1. List, largest first, the extents of the alpha carbons of region A:89-133 along their principal axes, each in whole Å.
2. Please determine, in degrees from 0 to 90 and to the nearest 10, the orientation of helix C:2-39 with respect to the longest principal axis defined by the Cα atoms of chain C, where the helix direction is its Cα long axis.
3. Given axes a ≥ b ≥ c from the Cα gyration tensor, I'd like to know whether region C:1-136 is rounded (a/c under 1.5), prolate (a/b larger than b/c) or oblate.
4. Output the 0 to 90 degree angle, nearest 10, between the alpha-carbon long axis of helix C:189-204 and the longest principal axis computed from the alpha carbons of chain C.
5. Counting only other chains, and only Cβ atoms inside 10 Å, what mean value do you get across the residues of C:229-241?
6. From Cα coordinates alone, what are the radius of gyration and Dmax values for region C:196-275 in angstrom?
7. For region C:210-250 and region C:170-202, write down the distance between their C-alpha centroids in whole Å.
8. Among the aspartates and glutamates, select those whose C-alpha is under 15 Å from the C-alpha of B:Lys189, and discard any that sit fewer than 8 residues away in the same chain.
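Coordinate-derived values only; no laboratory data. Everything quoted here is computed from the prediction, not taken from an experiment. Don't worry about glycine lacking a Cβ; one is built from the backbone with ideal geometry, like all the others, and counts go over all protein chains shown.
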Amino acid sequence: MAASSTTNISARPSGRASAFWQRLRSGDDIAYVITLTCALTILAITALLVFELFENSAVPRDKFGWSFLVTSTWDPVAGQFGALPFIYGTVVTSALALLMGIPLGVGAAIFLAELAPTKISNGLTFLIELLAAVPSVIFGLLGIFVLVPALIALEPAIRAVLGWTPAFSGPFYGVSVLSAGVVLSVMIVPFIISISREVILAVPTEQREGALALGATKWETTWDVVIPFARKGIMGSIFLALARSLGETMAVTMVIGNEPKIHESLFAPGYSIAAVIANEFTEATGELYLGALIELGLVLFGLTIIINGLARVLVLSTTKKGAS
Amino acid sequence: MTRRIFIVNAALAAALTVGTASAQQVLINAAGATFPYPMYSKWFDEYHKKFPTVQINYQSIGSGGGIQQVTAGTVDFGASDGPMNDMQLKDFQDKRGSAILHFPTVMGAVVPTYNIPGVTGSLNFTPEALAGIFLGKITKWDDPELTKANPGIKLPSNNIVVVHRSDGSGTTYVWVDYLSKISKEWETKVGKATSVNWPVGLGGKGNEGVSGSIQQTANSVGYVELIYAVQNKMTYGNVKNASGEFIQASLASVTAAAAAMKDMPEDFRVSITNAPGKGVYPISSFTWLLIPSKIADPAKKKAIKDFLTWMLADGQKMTEALSYAQLPKPVIAKEVKAIAKIQ
Amino acid sequence: MLSLRRKVVNAVMLSLTGVCTFLAVGTLLFILGYLFFHGGTSLTTDFFTKLPTPVGESGGGMANALLGSAKLLLLASCIGIPIGFLGGVYLAEFGGSSFSFVVRYTTDLLNGVPSIVIGIFAYTLIVLPQGHFSTLSGGLALGVMMIPIAIRSSEDFLRAVPVSLREGAMALGASKAKTIVTVVIPAAKAGLITGIMLNLARVAGETAPLLFTSFSNRFWSPGWEQPTAALPVMIYTYAISPYADWKRQAWSAGFVLLMLVLTINICARMLLSKRGSALR
């Protein structure tokens, strides 16, 4: 079913192309207006969403003001709500996920686009895209019953190498910020791989041939010529991945330990914004409590604005460096 | 090719829209507590087999969700592991112009479960021990409060790792309701709700998350529903009741807790944790259906009333096969009378 | 010995990319194997043709959830893909820089909204005013979730089409719109399909946005106005239940869901390649 709408749009219009496509073929203006409308739709939807979140979080916003962002108590019984531990947990788990997911994803994309024979590459990409369809509750269950025991077994090795840093100190119960980061990295990898692979494949062959003719090795060609050429698309895939990890709920909550406290160690439990919303929304009663959960949604939104902004600045600065 | 897909598409869409619903079908939606979901799905299925025109679709979205949805009017009735409080009842009255009637359906219990290397049997827990552990005051397994209650069992001198539910849940409500009754400190410091600000411990999502964390963490202790512990063959502890006996949770000791309630209130909103009497498991609870007192659609009203009557008679016989404790006879008799209140 | 060093770097880095691929594919195979190992025995024809049964009764299936998932995905695709794709065309082909920046930024924001919040959004927008749960509201929630990935991926792939191709068509006198439709989109075809499949895969496994919209249903759900069962919701409900039997069914439903997505994926690509060769 999905295939039909796909083929209609993406392929060349056939004999019975609809009036829309015919007009599109002749008129730049019409095409402009239609595509612009669609682009505007997303602004409208987002605006409506933010409006809803803002409206429904009026009670806690009035009561706590900005202190909601910087306090750490989350007490539904006493009606005290602070978002800081959740903000911290969200940022740290997403950062960990990208730290592991980007090298893994881009590496595999390079292999699939540049090294593997087309047939094998297509087959493997199929499988990897399938990874995106695994329901997050299954990631969560596998996380707690497979990944956590594995990490417990690996703990001495991790400690031996990295134990000197405060980030890997203190007791380790298996469920932790680290485990959440690992699960998230697995979940975001298919987005990075499959989009990056397509973008790398789209780099014109002449680019590669030029570098190879100059005596560059395969790796040098890939790293110095192909990747910079595909950089924008790869960045796009990373933004998608980042967004997914910021908003993931079920898989994170199963392995993060769900403790609204800030610990400097990655071995310690934590909590994320999306996880607490999913955990408590269905059971929350009363305007203040429900409002506080919705305000957390708003906070996550603000956090996403900031993180995306920072990531863009980072990308911009590295791109400039690459150019000079 | 495109045309063929369109035809297939149109055919599919047509097939989907031409439904099976006929005029006499009564479709009832309900939502709420997760704990009784297997029981309810069994009942509604059996009832549908008996009366094929009645379809009751129950979904487990959580007790709080059940209260919210019945109040919002998106479902025909709700279900909850904790009774609605006065504020919620007033809210319902304001929004829907009628009252909510509580109907107890089955009973459950919450049990302490643990993973201590070298300890295989059932541990005895005093109320003081449970409160102390969950308040973070008892931190070692060989604390005198625990060793005193467990002569003959060698408890290690290891730190206790507490695991609790992270999602808001009726199970948590029953657990902290009990702790509030037996510990003043718990009542004032933490209180009772479906989610609380835990003094110590890791949070696990659902029974699954709690049991998974306990299984993988040495020296841990947590709580799960009795039915979950039984079905998954977990070891769980005995708890000292108000009469001073250490009681293992079982279907009989849970029903005993309800039977011990001498004065059941008219609206059935009652907590039976720490109930008095012999042979009573102290961390037990009812679970309720939340039925509006006025149902506009006569077909739905009849179906719901008929279902309640059936559930209190034939339905009760099916509970034990699924490890739920059945209601005591006096409660059933009282509920049968209450069905008439549905207008 | 500069060249030896370069050779070593070449070999090491290239093998590392192979290791990355192996890790990603290995994870998927592990998950598939795990699901099949734990749920394989429940995979009988009943699973695809019968309604769910209560605990303790054998022979139940998830036929209604399969159909429900198909309906929801169809609806979501009808909403998410056209809007997302055309929005992507705008960004890649028409957009001025500052407005495009705003749209791109907003897209990333919407993509980062937790799925449960999207569900709450659809709930307040449709379910509450209508007063009942419906397939329609679930499809809308999933459709909204599809838009960001659709926009981002189509923009990426359209942009990846080399400028020389566009210039060629423009030089022949084609209008911009005609160039896009006849040259750019066909050139980006493979990528666009990848984007759509990835998108579909992602929403096919979503539970949270459906809990408060399409709800779920133990029975068949005719039409679009009633609550409907969906595979991920069934998986969620069954996976956290106390009963071994239901847990097994949850694993097998996970396996079936993945196979369903794989089938859609393969069919889409086969249709595409057939069309492609016929046109050529």
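1. Rounded to whole Å, the extents work out to 41, 22, 7 Å.
2. 20
3. oblate
4. Tilt relative to chain C: about 30 degrees.
5. Working: counts 2, 0, 1, 6, 4, 1, 4, 8, 8, 2, 7, 13, 11.
Per-residue shielding by partner chains comes out at 5.
6. In Å, with Rg to one decimal and Dmax whole: 14.7, 49.
7. When both Cα centres are located, 37 Å separates them.
8. Here the aspartates and glutamates satisfying the reach criterion relative to B:Lys189 are A:Asp75, B:Asp177.
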